[in-house]
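Reviewing the structure listed below.
The values are calculated or read from the model by the stated rules, or taken from the named source; none is laboratory data. Keep in mind that this is a model prediction, so the values were computed, not measured. Don't worry about glycine lacking a Cβ; one is built from the backbone with ideal geometry, like all the others, and counts go over all protein chains shown.
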Amino acid sequence: MTQATDREPMALVKDKTDFRKRLALIESLRVTPRPGSAEALRYLACHDFVYEVRLAAWSAAVQQGIALKKPLARPRYALFTERLIARIKKICAYLGECYYSCWATLLAILTGG
């Protein structure tokens, strides 16, 4: 086994630096199941943000007899939509600040303060 797969499986599951490490962990758990491997596979199949990792964890879990739902791929337009909504929120926040500062300045001028 490599040095990366010798560590506790749940420690590698939480490591989000490189998805290839998680794929290697899944492959090692598929070949030689260890204590805690079912929990690690469940976590990866449900909570990982990389679709390939979720799919590999699901197939390894099904191979070991763990019943899980097959992960769904996100539609291509989802990322675009999320970025667009984030930009619209920033623009609205900026316009709200401008509106508030204009009215505060106008109110200060009118009240003489």
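Restricting the search to the range 57-112, which residues are of a type in the set (S, T, N, Q), more than 30 Å from PRO33 (Cβ to Cβ) and over 22 Å from the mean Cα position of the chain (by Cα)?
Within the range 57-112, the subset of a type in the set (S, T, N, Q) is 59, 63-64, 81, 101, 105, 111.
Still in the running and more than 30 Å from PRO33 (Cβ to Cβ): 81, 101, 105, 111.
SER101, THR105, THR111 - these are the residues of the range 57-112 that are of a type in the set (S, T, N, Q), more than 30 Å from PRO33 (Cβ to Cβ) and over 22 Å from the mean Cα position of the chain (by Cα).
Among the residues of the range 44-90, write down those that are in a loop (DSSP other than H, G, I, E, B) and either over 18 Å from ARG30 (Cβ atoms) or of a type in the set (Ser, Thr, Tyr) (or both). Before you say what the answer is, go through the steps one by one.
Pass one, the range 44-90, residues in a loop (DSSP other than H, G, I, E, B): 48-50, 64-75.
Listed by number, the residues that qualify are PHE49, LYS69, LEU72, ALA73, ARG74, PRO75.
Condition check ((1) among the acidic types (Asp, Glu); (2) modelled with pLDDT under 90; (3) farther than 19 Å from VAL62 by Cβ; (4) part of a helix (DSSP H, G or I)) across all residues:
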{"site": "ALA11", "(1), (2), (3), (4)": "no, yes, yes, yes"}
{"site": "THR17", "(1), (2), (3), (4)": "no, yes, yes, no"}
{"site": "ARG20", "(1), (2), (3), (4)": "no, no, yes, yes"}
{"site": "LEU23", "(1), (2), (3), (4)": "no, no, no, yes"}
{"site": "ARG34", "(1), (2), (3), (4)": "no, yes, no, no"}
{"site": "GLU39", "(1), (2), (3), (4)": "yes, yes, no, yes"}
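From the list LEU72, LEU25, pick out the single residue that is among the hydrophobic types (A, V, I, L, M, F, W, C) and surrounded by 11 or more Cβ atoms within 10 Å (Cβ to Cβ). Before you say what the answer is, go through the steps one by one.
On the way: LEU72 fails: surrounded by 11 or more Cβ atoms within 10 Å (Cβ to Cβ).
That would be LEU25, the only listed residue that is among the hydrophobic types (A, V, I, L, M, F, W, C) and surrounded by 11 or more Cβ atoms within 10 Å (Cβ to Cβ).
For the range 72-101, what are the residues that are acidic (Asp, Glu) and more than 23 Å from TYR51 (Cα to Cα)?
If we filter the range 72-101 for residues that are acidic (Asp, Glu), which is where we start, we get 82, 97.
Selection gives GLU97 alone.
Take the residues in the range 30-49 that are exposed (fewer than 13 other Cβ atoms within 10 Å of the Cβ) and within 16 Å of LYS14 (Cβ to Cβ), then tell me which one is farthest from the chain's Cα centre (by Cα). If you could, list the steps in order and put the result at the bottom.
Start the filter on the range 30-49 by keeping residues that are exposed (fewer than 13 other Cβ atoms within 10 Å of the Cβ), which leaves 31-32, 34-35, 47, 49.
Among the residues that remain, those that are also within 16 Å of LYS14 (Cβ to Cβ) are: 47, 49.
Values: HIS47: 7, PHE49: 4 Å.
Here the answer is HIS47.
Exactly one condition in (1) surrounded by 10 or more Cβ atoms within 10 Å (Cβ to Cβ); (2) of a type outside the set (Phe, Trp, Tyr); (3) part of a helix (DSSP H, G or I) is not met by ILE109; state its number.
The one condition ILE109 does not meet is (1).
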